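The values are calculated or read from the model by the stated rules, or taken from the named source; none is laboratory data. On a predicted model such as this, the values are computed, not experimentally measured, just so you know. All Cβ positions, even for glycine, are placed from backbone atoms using ideal geometry, and neighbour counts span all protein chains on display. Accessible surface areas use protein heavy atoms only, side chains included; no ligands, DNA or RNA. Shrake-Rupley method; radii C 1.70, N 1.55, O 1.52, S 1.80 Å.
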Amino acid sequence: MKNKITQLFKNVAPSLMSIGLGLLFGVVIIVVSGMFNERQTYEDIWYGLNSLVLGMLNDGLPSLGTGLFRATPIILTGVSVAFAFRTGLFNIGASGQFTVGGFAAIFVAIKGPFPGIGNWILAVISAMLAGALWAAVVGLLKAYRNVNEVISSIMMNYIGMYLVQYAVINTVFDYVKNQTVPVPIVSTTPTLGLTSIFPNSSVDIGFFIAVIAAIIIHILLNKTTFGFELKACGFNQHASKYAGINSKRNIVISMMIAGALAGLSGALVYLSASGNHIEIVDVLATEGFTGISVALLALSNPLGVIFSGLFIVHLQLGGFYMQAQKFAPQVVEIILSAIIYFSAFIVFFKEFINKKKGGKK
Amino acid sequence: MSSGQYVIEMNQISKFFPGIIANDKVDLKVKKGEIHALLGENGAGKSTLMSILFGMYQPEEGEILINGKKVNITNPNVANDLGIGMVHQHFKLVHNFTVLQNIILGAEDSKFGVLDMSKARKKVADLVAHYKLNIDLDEKIENITVGMQQRVEILKMLYRDNDILIFDEPTAVLTVQEIGELMKIMKALIAEGKSIVFITHKLNEIKEVADRCTILRKGKFIDCVDVKVTSTQELSRLMVGRDVKFEVDKEIAQPKEVALQLKNVSVLKAGHKNVVNEVSFDVKKGEIVCLAGIDGNGQTELIYAISGLVPSKGEILINGQDVSKLSVRKRNELGLAHIPEDRHKHGLVLEYSLEYNTVLKDYYRSQYQSNGFLKFDEIRKNSDKLIEKFDIRSGQGSPTISRSMSGGNQQKVILAREISSNPEVLLAVQPTRGLDVGAIEYVHKQIIEQRDKGCAVLVVSLELDEVMNLSDRILVIYEGEIVADLDPKQTTREELGIYMTGAKRGVGYEK
Ligand SMILES: Nc1ncnc2c1ncn2[C@@H]1O[C@H](COP(=O)(O)OP(=O)(O)OP(=O)(O)O)[C@@H](O)[C@H]1O
Ligand SMILES: [Mg+2]
């Protein structure tokens, strides 16, 4: 038992340390920027700090609900990146997979054959398939043509974005608003009555789907023969081949699972009743890249991703509320970026802790 | 206290790892200009002690004096400044860099921030000429043999003007010829006043070059002896704590039907002629056949072809069934086991625990999984049994991460996995590489036991002792072709050597 607790501490400590360092840095920026801003009083600075720390609790249940809703997609892209990483692949293409998944979901929800509940489930499944297919290209290139997955993922991100724009314009386009037409309410994801617990928020079944997905991936990786194979390939391809594991096939499957998760993320964003739309702008979906920070901060542990995803949204909402204390949005952005940036120190902290542990009896 | 005659003085050094005391108040005193051997069983703590001297680990207790001065070696840069260099048990080279780039890496000369290669090249070329190291500075590491890679490691130390040189099991990966050359280089180095710590499991090498020998057992200092007046028997007794037999006891083989048959097997390598050329031979149940040859004559590729790691032409039959087009897994399921040449590349997933590595090939069998879920209890039971049987030493037993284990114990994990699968055909490449004499004795016994149970064993070994002792039949391979089929009882080492260099071909193998 005691062993379990020290092990848990060892696993969580690096994340906590990098978060701590990031927050400390954030506080310094807040105080310094506050001192140079004549319109801000010390009180403003104090309340600003408060808002940052309170994050998704600033406004009670409504902001908590918003936090859960916003965390949903980045938990899923985070799990996508973390999963791929554990199997030796760097999925920088979650953004493209997210976008094609999102489009597939919207398309099926609007044009699908079963208006009503059938459509959203079908839409979710289509999104996962689309994401998987998109990632499969990367996996196939890597496995059979030895193309580095980072390069092909980046290309697939742009191809995905432009292809989706083209497809949107030709199928489900709202010319006036330059975006996709809204998904009929009957085909949106169920809210399960959560909106009455968390008023004014869009939280729905999606958050639970994300958590369940993270748990499933955790079990897959750690408890199953399939996970045993995938991790073995990730660590040492030669040894996997020697052991009779089909590593080429596994690379493709790994990428497809990662793609399905990112696709699912897209589906849950665009199927929610809050009315998100794919806009025709030349910007890659940020969820895919936030997923990298989320995965990194969780040291690629799928369960950890649930918490690091929530944490990042916590900061984002905290930043949002800080603006009420006359903090410039740019300063807020700097603080958030700094904290995420510091999360990259996590690897350093991990080494540090291991060294300490190695030295002591 | 220190009399000044020692270049290295390590006093009462202790180092703890989770679950194990790797060094327990160990003393090591090396005189200037001597070759000092460090001897001990697998896991005795030799590499750990040297890693402490090289600044990679900090000891919990003890002090280190270099040239009589107390020092605190906090990292390898400090060690380098003190003139200490190390060739690691598993080399640390950048594979897609050239020899020259690897040598100067980390000690680059620069002029206004621009790399000054010509100066470096001159210095390295001088060293190469001086020690007659004979190496192409512009070849990439991935294209040169292990022996050459080791020279790169040695040049790295010389380039940095190190005069205390640590060699951690340098001979484990070398051929007989290369070992001879290494010994010459080592002698030349001490003749110039450098001092060497030399780790090896081969007692004859210690007798040949070392002046004194420090012996460790289970992390403890046992003795420091003068090599000239100590026999190899005594050395092994000090190290293992009992007498070790060097000859292998075995009954005369009772070969039965053919289990492994090769018919005109060839392996192509891009841009080369066939590295294995039309090879045909049989291995029968109940016999041990040794494939003898100088490294690089196609042994590696031939074994890869049999195990399915590289494609080949021709037929490979296991118990009469052609497996040459089957997957690695199918071949394993037909009873093929393979102790690979490179334990880190093929043999182990180093990030996996010891127990995971014991089921690396069998995790999917119903014994270890149900409905796709691993049976952790069964895996643990199996590995605990193997640890006991093969005397695998590690910090935390089954859950120990394989990377943290000593080289010899990593090898034992592979041996345990492959031998315990009770194979029909066992391919054993350098099975005892890096093992201590006690462990070698045990592994040889196990291989013979498999033979007596009816397994067909094909051994590849660069060690003539092993070839002569273990085999019931010797096949000599030269330039990808089998050139002789010999009876070890009627063949001398000298004869074997002649066949291996291609100077002669056996009956039935004439050109
Ligand atoms: N980084 C590490 N973490 C945990 N345990 C370690 C580590 N390095 C070594 N050990 C343990 O310390 C013991 C001594 O290991 P060491 O590598 O020094 O043995 P060795 O004498 O070099 O053996 P070999 O002849 O097999 O190379 C082993 O039991 C090993 O499991
Ligand atoms: Mg060692």
Query raised in the report: Could you list, in sequence order, the residues of region A:88-115 that are part of a loop (DSSP other than H, G, I, E, B) and open to solvent by less than 10 Å² (accessible area, probe 1.4 Å)?
Result: A:Leu89, A:Asn91, A:Gly93
Report summary line: Quick count over region B:391-430, residues being more than 17 Å from the chain's Cα centre (by Cα), open to solvent by less than 10 Å² (accessible area, probe 1.4 Å) and within 16 Å of ligand 1 (Cβ to nearest atom), is 2
**Report entry** Residue in region B:28-49 that is part of a strand (DSSP E or B), open to solvent by 40 Å² or more (accessible area, probe 1.4 Å) and under 25 Å from B:Asp226 (Cβ atoms) present
**Finding:** yes
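Let's see how each residue does on (1) assigned to a strand (DSSP E or B); (2) closer than 19 Å to B:Asp168 by Cα:
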site: B:His201; (1), (2): no, yes
site: B:Asn204; (1), (2): no, yes
site: B:Asp223; (1), (2): yes, no
site: B:Gln233; (1), (2): no, no
site: B:Leu238; (1), (2): no, no
site: B:Asp243; (1), (2): no, no
Report task. Hey, can you tell me all the residues within region A:185-214 that are touching an Asp or Glu at 6+ places or on another chain (Cβ under 9 Å) and assigned to a loop (DSSP other than H, G, I, E, B)? Result -> A:Thr188, A:Thr189, A:Pro190, A:Thr191, A:Leu192, A:Asn200
**Report entry** Residues of region B:451-474 classified as among the polar types (S, T, N, Q) and either surrounded by 22 or more Cβ atoms within 10 Å (Cβ to Cβ) or within 16 Å of ligand 2 (Cβ to nearest atom) (or both), total
**Finding:** 2
Query raised in the report: So, in region B:34-81, of the ones that are among the small types (Gly, Ala, Ser) and in contact with a strand residue (DSSP E or B) (Cβ under 6 Å, 6 or more places away or on another chain), which residue ends up farthest from ligand 1 (Cβ to nearest atom)?
Result: B:Gly62
Query - Residues of region B:157-173 satisfying the condition of being away from ligand 1 (no atom under 16 Å from the Cβ) and open to solvent by less than 20 Å² (accessible area, probe 1.4 Å) - result: B:Met157, B:Leu158, B:Tyr159, B:Asn162, B:Ile164, B:Leu165
Requested in this report: Find the residue count for region B:130-162, including only residues that are basic (Lys, Arg), over 23 Å from the mean Cα position of the chain (by Cα) and more than 23 Å from B:Val176 (Cα to Cα).
Outcome: 1
Report task. Would you check if B:Asp465 is away from ligand 1 (no atom under 13 Å from the Cβ), assigned to a helix (DSSP H, G or I) and closer than 13 Å to B:Ala292 by Cβ? Result -> yes
Query raised in the report: Across region A:192-246, which residue is nearest to the other protein chains (Cβ to nearest Cβ) among those that are among the aromatic types (Phe, Trp, Tyr) and open to solvent by 50 Å² or more (accessible area, probe 1.4 Å)?
Result: A:Phe235
**Report entry** B:Pro431 more than 16 Å from ligand 2 (Cβ to nearest atom), touching a residue at least 40 places away in the same chain (Cβ under 8 Å) and within 14 Å of chain A (Cβ to nearest Cβ)
**Finding:** no
**Report entry** Residue under evaluation A:Ala143, criteria (1) within 14 Å of chain B (Cβ to nearest Cβ); (2) closer than 16 Å to A:Gly88 by Cβ, criterion not met
**Finding:** (1)
Requested in this report: Filter region B:361-401 down to residues that are within 11 Å of chain A (Cβ to nearest Cβ), touching a residue at least 12 places away in the same chain (Cβ under 8 Å) and closer than 27 Å to B:Leu458 by Cα and give me whichever is nearest to ligand 2 (Cβ to nearest atom).
Outcome: B:Lys361
**Report entry** Elements of type helices (runs of 4 or more DSSP H) contained in region B:88-184, each with 3 or more residues being basic (Lys, Arg)
**Finding:** B:117-130
Query raised in the report: Looking at region B:294-319, which of the residues that are over 25 Å from B:Leu464 (Cβ atoms) and more than 14 Å from chain A (Cβ to nearest Cβ) is surrounded by the most Cβ atoms within 10 Å (Cβ to Cβ)?
Result: B:Ser312
Query raised in the report: What is the one condition in (1) farther than 19 Å from A:Ala109 by Cα; (2) open to solvent by 30 Å² or more (accessible area, probe 1.4 Å); (3) modelled with pLDDT of 95 or more that A:Val252 does not satisfy?
Result: (2)
**Report entry** Residues satisfying the stated conditions in region A:116-125, i.e. touching a residue at least 60 places away in the same chain (Cβ under 8 Å) and part of a helix (DSSP H, G or I)
**Finding:** A:Ile117, A:Asn119, A:Trp120, A:Ala123, A:Val124
Query raised in the report: Can you tell me which residues in region B:50-63 are part of a strand (DSSP E or B) and away from chain A (no Cβ under 13 Å)?
Result: B:Gly62, B:Glu63
Query raised in the report: Which of the residues that make up region B:478-509 are part of a strand (DSSP E or B) and among the aliphatic types (A, V, I, L, M)?
Result: B:Ile482, B:Val483, B:Ala484, B:Leu486
Query raised in the report: How many residues are at pLDDT below 85 and open to solvent by 20 Å² or more (accessible area, probe 1.4 Å) if we restrict to region B:108-129?
Result: 12
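One line per residue, one yes/no per condition, for (1) open to solvent by 20 Å² or more (accessible area, probe 1.4 Å); (2) in contact with a helix residue (DSSP H, G or I) (Cβ under 7 Å, 6 or more places away or on another chain):
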| position | (1), (2) |
| --- | --- |
| A:Ala136 | no, yes |
| A:Leu141 | yes, yes |
| A:Gly160 | no, yes |
| A:Asn178 | yes, no |
Query raised in the report: Just a yes or no: is a residue in region B:88-107 open to solvent by 70 Å² or more (accessible area, probe 1.4 Å) and either within 16 Å of ligand 2 (Cβ to nearest atom) or outside the structural domain of B:Ala172 (by TED's automatic domain parsing) (or both)?
Result: yes
**Report entry** So B:Lys184, is it over 16 Å from B:His36 (Cβ atoms) and touching a residue at least 60 places away in the same chain (Cβ under 8 Å)
**Finding:** no
**Report entry** Wholly enclosed helices (runs of 4 or more DSSP H) of region B:283-402 bearing at least 1 residues modelled with pLDDT of 95 or more, touching a strand residue (DSSP E or B) at 6+ places or on another chain (Cβ under 7 Å) and of a type in the set (A, V, I, L, M, F, W, C)
**Finding:** B:299-307
Requested in this report: State whether one or more residues within region B:220-231 are open to solvent by 30 Å² or more (accessible area, probe 1.4 Å), more than 30 Å from B:Ile316 (Cα to Cα) and of a type in the set (Lys, Arg).
Outcome: yes
Query - Scope region B:320-357; condition of a type in the set (Lys, Arg), farther than 20 Å from B:Ser404 by Cβ and within 12 Å of chain A (Cβ to nearest Cβ); matching residues - result: B:Arg329, B:Lys330, B:Arg331
Requested in this report: Kindly indicate whether any position in region B:113-129 is within 14 Å of another protein chain (Cβ to nearest Cβ), under 26 Å from the mean Cα position of the chain (by Cα) and among the hydrophobic types (A, V, I, L, M, F, W, C).
Outcome: no
**Report entry** Boolean, B:Gly497 is open to solvent by less than 10 Å² (accessible area, probe 1.4 Å) and modelled with pLDDT under 90
**Finding:** no
